[in-house]
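Where a number appears in this text, it was derived from the coordinates with a stated rule and is not lab data. On a predicted model such as this, the values are computed, not experimentally measured, just so you know. Neighbour counts are summed over all protein chains in view; Cβ atoms, including those assigned to glycine, are modelled from backbone coordinates with ideal geometry.
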Amino acid sequence: MTDTLAPLILDFLEWLAPGPRPYAEVMDAWRTSCPRLTVWEDAVDGGFVLRRRSPDGELLVDLTPFGRSFLERSGRTAVLRR
């Protein structure tokens, strides 16, 4: 993760912290075609987020325990569930 992307990845993790979000919503908000702003890709590659299915089959994006820990250690003031 570059120094440029770290704050954006933290923003992304903070946005996810209250609870899982639908994959489509995440893609609408965070996917980019800019090769220099790879927030979604870096968050997945870094093990900060995961994709999973809800009981009703909806594809969701959620923080991993590592992503939650990374966010907490950053000092961000997001409301963390769990």
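How long are the three semi-axes of the equivalent ellipsoid of region 10-78, in whole Å, if each is the root of 5 times an eigenvalue of the C-alpha gyration tensor, listed from largest down?
Working: eigenvalues 65, 54, 21 Å².
The three semi-axes for region 10-78 are 18, 16, 10 Å.
Between E25 and A6, the modelled labels are 3.0 nm apart [label points 7 Å from Cα along Cα→Cβ].
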